[in-house]
Amino acid sequence: MRLLLDTNVLLWWATEELRLSTSARAAIGDTANWVAVSAASIWELAIRRCATGKLPSADSLAENVAEYGLQALPITQEPAWAAGRLPLHHRDPFDRMLVAQAQLEGLTLVTRDRKLARYQVAILPA
């Protein structure tokens, strides 16, 4: 399975919070699966960190994605254009980027955000 983690899911996974569903936790932890983190999530965490002063683990999380067994997924022009053309079912630009990347890369988006199901993207409920 090829997975893309929503930003909240990334935080919950890295901090070992018990908010993740059993199936999501098992899928992310399964070394047979390819699990990615978008640059959009790291960008979102940086903004949250600077704006609120919260998320003290965000700096180390961004620097150590590989240590968590996760793959870094860059933002290129193709998903940037695709995200901009998505219908406005969801107004969060970070989530729209995740949807576009998941669609283009054939990834299953691990999220708890029910609005994202309105897009044609595979979802694993978190």
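The values are calculated or read from the model by the stated rules, or taken from the named source; none is laboratory data. The structure displayed is predicted, hence computed values, not measured ones. Using ideal geometry, Cβ is built from the backbone for each residue, glycine included, and neighbour counts are taken over all protein chains shown.
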> Could you give every pair whose Cβ atoms fall below 8 Å, whose first residue belongs to segment 98-114 and is acidic (D, E), and whose second residue is modelled with pLDDT of 95 or more and assigned to a helix (DSSP H, G or I), counting only separations of at least 6 or pairs across chains?
Replying inline: D113/D95
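Residue-by-condition table, conditions (1) at pLDDT 95 or above; (2) out of contact with any helix residue (DSSP H, G or I) (no Cβ under 6 Å at 6 or more places or on another chain); (3) within 14 Å of L3 (Cβ to Cβ); (4) surrounded by fewer than 16 Cβ atoms within 10 Å (Cβ to Cβ):
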site	(1), (2), (3), (4)
I42	no, no, no, no
V65	no, yes, yes, no
P79	yes, no, no, no
A82	yes, no, no, no
L88	no, yes, no, yes
F94	yes, no, no, no
L104	yes, no, no, yes
T111	yes, yes, yes, no
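Does R85 meet the test of being free of Cβ contacts under 8 Å to residues at least 24 places away in the same chain and of a type in the set (D, E, K, R)? Step through it out loud before you land on a result.
Working: free of Cβ contacts under 8 Å to residues at least 24 places away in the same chain: yes; of a type in the set (D, E, K, R): yes.
Judged against the criteria, R85 is a match.
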> Somewhere in segment 10-32, is a residue in a helix (DSSP H, G or I), modelled with pLDDT under 85 and loosely packed, with under 14 Cβ neighbours inside 10 Å?
Replying inline: no
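Based on this model, can you work out whether L61 counts as of a type in the set (A, V, I, L, M), at positive phi and modelled with pLDDT under 95?
Working: of a type in the set (A, V, I, L, M): yes; at positive phi: no; modelled with pLDDT under 95: yes.
No; evaluated as a whole, the condition is false for this residue.
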